[in-house]
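Here the structure is laid out as structure tokens; the discussion comes afterwards.
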Amino acid sequence: MDISFINDKEDLTRHDEHNDILVGMKSVRIWGTLGWHDIRQRYRRSVIGPFWFTLSTVIMVVVLGALYAALLKQEYKHYLPYLAVGLVVWQYLAAVANEGCIAFIGSAGLIKQVRLPLTIHVCRIAWRNFVILLHSLPVVIVMLVAFGQWPGWECLLVLPGLVLLLLQGVWLGVMLGVLCARFRDIPPIVSNLIQVVFFFTPVMWSPDILKERAWVAEYNPLYHLIETIRAPLIGRPVLWQSWAWSVALLVVGFVFSQLLMRRFRNRVPYWL
């Protein structure tokens, strides 16, 4: 892959384990270009490109929506947009987690050839999956309009929610990338864990159906992270608890990732 776009004058080689995350996140031009390159390569010679992901999302929402709306006794016009946002956000989180496990392993050649902040390889993954997410969110808008539910001013709150979501993908990828570079048994564990957690997270079901056991959702940070995107889009107010959980998860995640980087950053190339 051509990496000539990396400017030799950029002071990216003088970083250490203490500022890898910060310097990596600030190198927007590098991980942004790499992410776009990945998307173009994945859908090269394709007629509709990344919109294949959008099409698959539409099919999944329609099929699952028809089934679970009947099982859960929900109205289609309310349930389908609810399900659509939940699936789109979950697919982003699952993709970042799975790909984050091999973020450094898959970029071993580049890491050994060019000294760059390791976080760049994680931001590359988070960015390309975020772009795919942005291709799918309009599906929700179309569904709302089709059912006569025009988004209100609350939909503007989606913007800070999307920023939080993108940043969550960065710390998650850094943490998993470092751990999986050392312990190669972790990726399949994460993959299976994601499938289990999916059924315990209100993606296809609403916490209301749990009644007195709604605490299962209330203490699930992933539910609150999804709600910061879902609630504004479907015209519901975002509870302050959801913002609090999302911000707290972001802070704790970055603190833990920074500790991992400071301790093991220089060992990662030797583990690859």
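Computed from the coordinates by the stated procedures, all read-outs in this text should not be read as laboratory data. None of these values were measured; they are calculated from a predicted model. Cβ sites come from the backbone with ideal geometry, for glycine too, and all protein chains shown count toward neighbours.
For this structure, a couple of remarks:
- Degrees separating the helix 186-200 axis from the principal Cα axis of the chain, which is the longest one: 20 degrees
- Per the chain, cysteines lacking a partner by the 4.7 Å Cβ criterion: CYS123, CYS155
- In order through the range 77-83: 3J(HN,Hα) via Karplus (6.51 cos²θ - 1.76 cosθ + 1.60), integer Hz, x for Gly, Pro: 5, 9, 6, 4, x, 4, 5
- The range 53-176, Cα convex hull volume normalised per residue, Å³: 112 Å³
- Between ALA244 and PHE147, the modelled labels are 3.0 nm apart [label points 7 Å from Cα along Cα→Cβ].
- Over the chain, dividing the summed -39,500 (n - 2.57) contributions of all DSSP H runs of at least 4 residues by the number of residues returns a 222 nm mean residue ellipticity of -22500 deg cm²/dmol.
- Whole-Å distance, taken between Cα centres, linking the range 215-272 and the range 46-120: 17 Å
- Pairs of Cα atoms farther than 24 Å apart, the range 119-272, %: 42 percent
- When the Cα atoms of the chain are aligned to their principal axes, the ranges along those axes come out at 57, 45, 35 Å in descending order.
- 0 to 90° range, to nearest 10: angle between helix 51-71 axis and the chain longest Cα axis: 40 degrees
- Between LYS77 and ALA214, the simple label model (points 7 Å from Cα in the Cβ direction) yields a spacing of 2.4 nm.
- Taking Cα atoms only, the orientation of helix 240-264 departs from the longest principal axis of the chain by about 20 degrees.
- Ascending count of other beta-carbon atoms within 10 Å, so fewest first, for PHE104, PHE198, PHE183: PHE183, PHE198, PHE104
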